[in-house]
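Below is one structure, written out as structure tokens, with a few remarks after it.
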Amino acid sequence: MKLLITGANRGLGLALTKEAARRGNTVFAGVRNLDERADGVRELQSDFPNQIVLMPLDVADETSCQEAANRLKIDNVTLDVIVNNAAILNERSKTIVELDMKEVELALSINLLGPMQVVKHFLPLLDKGPRSSIINISSEAGSFQNAYGADYPYALSKSALNMFTEQLRKYVAKDQVSVFAIHPGWIRTDMGGERAPGTPEESAQHILDIIEKKKEVIGNSSIIDFKGEPMPL
């Protein structure tokens with residue numbers, strides 16, 4: 001399979017890239033800045049030289065998304081899977097009266113508009129059919145039932161991402177494309193922190209099982225956890 005993974009240079013994105021390549025897939029690894037914090041994915045590329053292709057891709061910049069998609073189009077590349085993983089968690093624990101609205105806009109531009117722009121430009125390259133899928137990495141923080149009085153930019157952006165996922169799912173239903181918003185669990189990354197009980201590697205293994213149709217998704221919800229179980233809206 002051929003996968004596009006955004007935010008592939010660290011955390012869950014790096015783990016997904018490694019697991020996908022380990023299973024014999026080809027990964028187009030989208031990285032915002034190949035000159036910064038890309039050592040991990042460059043090392044992976046040296047381990048899997050024929051399976052990992054590094055791509056400059058800033059999901060918050062539509063021109064960057066369009067140019068990256070055009071490069072694949074010129075090379076006659078089609079995709080089986082789009083994984084929208086790139087995200088930020090900012091303005092931690094600030095109350096509504098303390099929020100820097102520019103930071104809120106930044107979170108929305110990356111966490112929500114980013115996946116929308118990626119899908120807008122890469123969907124024409126997706127090889128439609130029952131093997132194909134679009135995976136939006138979401139969070140339980142985006143659940144109405146789990147709402148809490150903090151992390152406003154992140155929670156709001158993930159809640160909106162869940163809605164986009166459901167809209168997209170209906171849009172591509174005729175093409176038999178699977179579309180899911182997946183909560184990867186609380187995992188030890190820069191975002192999740194050292195206290196998190198899970199690892200990005202474990203989450204990546206389960207998510208790849210869902211992508212490769214090795215794990216049955218329970219029910220008909222588009223919002224699931226990394227084990228394929230439905231999440232509360």
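The values are calculated or read from the model by the stated rules, or taken from the named source; none is laboratory data. Computed from a prediction, not measured in an experiment: that's the story for all the values here. For neighbour counting, all protein chains shown are included, and Cβ atoms are generated from backbone atoms with ideal geometry for every residue, glycine included.
Within the stretch 212-230, the residues that satisfy the criterion of being under 9 Å from F180 (Cβ atoms) and either in a strand (DSSP E or B) or among the aliphatic types (A, V, I, L, M) (or both) are V217, I223, I224.
Taking every residue in the stretch 196-215 that is touching a residue at least 12 places away in the same chain (Cβ under 8 Å) and of a type in the set (K, R) and pairing it with any residue that is crowded, with 16+ Cβ neighbours inside 10 Å and part of a helix (DSSP H, G or I), at least 6 positions away or on another chain, the pairs with Cβ-Cβ distances below 8 Å are K215/H206; K215/D209.
Can you tell me which of L161, L156 is touching a Leu at 6+ places or on another chain (Cβ under 9 Å) and either under 20 Å from G228 (Cα atoms) or in a loop (DSSP other than H, G, I, E, B) (or both)? Walk me through how you get there before you give the answer.
Values: L156 fails: either under 20 Å from G228 (Cα atoms) or in a loop (DSSP other than H, G, I, E, B) (or both).
L161 is the lone residue from the list that is touching a Leu at 6+ places or on another chain (Cβ under 9 Å) and either under 20 Å from G228 (Cα atoms) or in a loop (DSSP other than H, G, I, E, B) (or both).
Of the residues making up the stretch 167-177, not a single one is more than 26 Å from R92 (Cα to Cα), among the aliphatic types (A, V, I, L, M) and in a strand (DSSP E or B).
Being under 21 Å from L106 (Cβ atoms), out of contact with any Leu (no Cβ under 9 Å at 6 or more places or on another chain) and either at pLDDT 95 or above or among the small types (G, A, S) (or both) is a description that applies to G193. Restricting the stretch 131-147 to residues that are out of contact with any Ser or Thr (no Cβ under 8 Å at 6 or more places or on another chain) and modelled with pLDDT of 95 or more leaves a set whose member that is surrounded by the most Cβ atoms within 10 Å (Cβ to Cβ) is I137. Among the residues making up the stretch 172-190, those that are over 14 Å from the mean Cα position of the chain (by Cα) and either small (G, A, S) or at pLDDT 95 or above (or both) are V172, A173, K174, D175, Q176, V177, S178.
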